[in-house]
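Here the structure is laid out as structure tokens; the discussion comes afterwards.
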Amino acid sequence: MAAVSTAEAPLRLLVVDDHPVVAGGVQLLLRPDPTIVIAGTARSGREAVRVAAEVAPDLVLLDLRLPDMLGTEAIGALRARVPGVRIVLFTAYAEHAALPAALAGGADGCLLKDSSITDLAAALHRIASGVRVIDPRLGTDAASRVTEALIRTGLTPREYEVLRWVAVGRTNPEIAEQLGLTRNTVKAYLQSAMAKLGAHNRVEAVARAGQERLL
């Protein structure tokens, strides 16, 4: 479980971004603040999960543009390995397409990459204390819309994740490999999602999800 930060134990931060310059920039930004240390870095979702299990971070600064998995999937995988860890989305794009789903999927905050040193450190401390922090330049209407639609349809975050992969044309075997699930598990999630949406096949499921403003 993630450690609790005290005056003697600074917050441990894991930076996940496929561009090394970002991790370097974060390190430079936080260097003047001894209460936050970078415990590790990763360049993909799978590497992040492995590193998180090794360093037990208090916070994860997570880029949405990962090469191997969606941000929402990374959130779930990280929390499974480090229960209690705070996940902070870190993006350069205020209108990133994956942002609403990631926020609806339980992220503890979202910051833009042009945050100043003071803003970044202060935001990380607030998030570590349990406050959800979202950069005011980021619109949350889309996230609220997705959350409301999930509640309305009864879809679980995992069913929604599978549907999102179906919507971009992935097959069940491809989705299973991407999410680290068995093919039968993916099939079960998809069938459950179809039943909740009143759909008879994959095409109808995607269409109904679109009508519900989930995609």
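Applied to segment 164-174, the Karplus parametrisation 6.51 cos²θ - 1.76 cosθ + 1.60 on θ = phi - 60° returns per-residue 3J(HN,Hα) values of 5, 5, 4, 5, 9, x, 7, 7, 4, x, 5 Hz, with x for Gly and Pro.
The label point for Arg65 and the one for Thr35, both projected 7 Å from the Cα toward the Cβ, are 3.2 nm apart.
A short reminder: the numbers here are calculations on the coordinates, not readings from a lab. Predicted model, so just to flag it, every value in this text is computed and none were measured. Ideal geometry is used to build each Cβ from the backbone, glycine not excepted, and the neighbour counts take in all protein chains shown.
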